[in-house]
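Inspection log for the structure reproduced underneath, given as structure tokens.
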Amino acid sequence: MAKISDSSPRTGEPASGLAGGSQLGKRYEHPTGLELLVTKAGTGSLGVGAEVLTLKESKPLPSSD
């Protein structure tokens, strides 16, 4: 997040270290319990402050016998 008084030019590119991207339809989580569902993929990583959110692993579905 940029401060209002920040006069640096905006390039529209992710900051260094935050260019991992986000995948459409995937859930990302933070240890505090925050969970996000991506509805539009992008080149930037999702994060809280400088901490990048991790991809949430899918749970296996029970077998249908």
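So here's what we get for this one:
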{"quantity": "Residues within the range 46-65 that are of a type in the set (Ser, Thr, Tyr) and not in a loop (DSSP other than H, G, I, E, B), tallied", "calculated": "1"}
{"quantity": "Within the range 4-32, considering residues that are over 14 Å from the mean Cα position of the chain (by Cα) and within 18 Å of residue 51 (Cα to Cα), the one modelled with the lowest pLDDT", "calculated": "16"}
{"quantity": "Hits in the range 29-45 (condition: open to solvent by 50 Å² or more (accessible area, probe 1.4 Å) and either hydrophobic (A, V, I, L, M, F, W, C) or not in a loop (DSSP other than H, G, I, E, B) (or both))", "calculated": "29, 34, 35, 36, 37, 41"}
{"quantity": "Flag for residue 48 being in contact with a Lys or Arg (Cβ under 6 Å, 6 or more places away or on another chain) and either modelled with pLDDT of 80 or more or open to solvent by 70 Å² or more (accessible area, probe 1.4 Å) (or both)", "calculated": "no"}
{"quantity": "Options 32, 43: the member that is in contact with an Asp or Glu (Cβ under 8 Å, 6 or more places away or on another chain) and of a type in the set (Val, Ile, Thr)", "calculated": "43"}
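The values are calculated or read from the model by the stated rules, or taken from the named source; none is laboratory data. Please read all numbers here as calculations on a predicted model, not as lab measurements. When we count neighbours, we look across all protein chains shown, and the Cβ atoms used for this are built from the backbone with ideal geometry, even at glycine. Just so you know, the surface numbers come from the protein's heavy atoms only, side chains and all, with ligands and any DNA or RNA stripped out. Shrake-Rupley method; radii C 1.70, N 1.55, O 1.52, S 1.80 Å.
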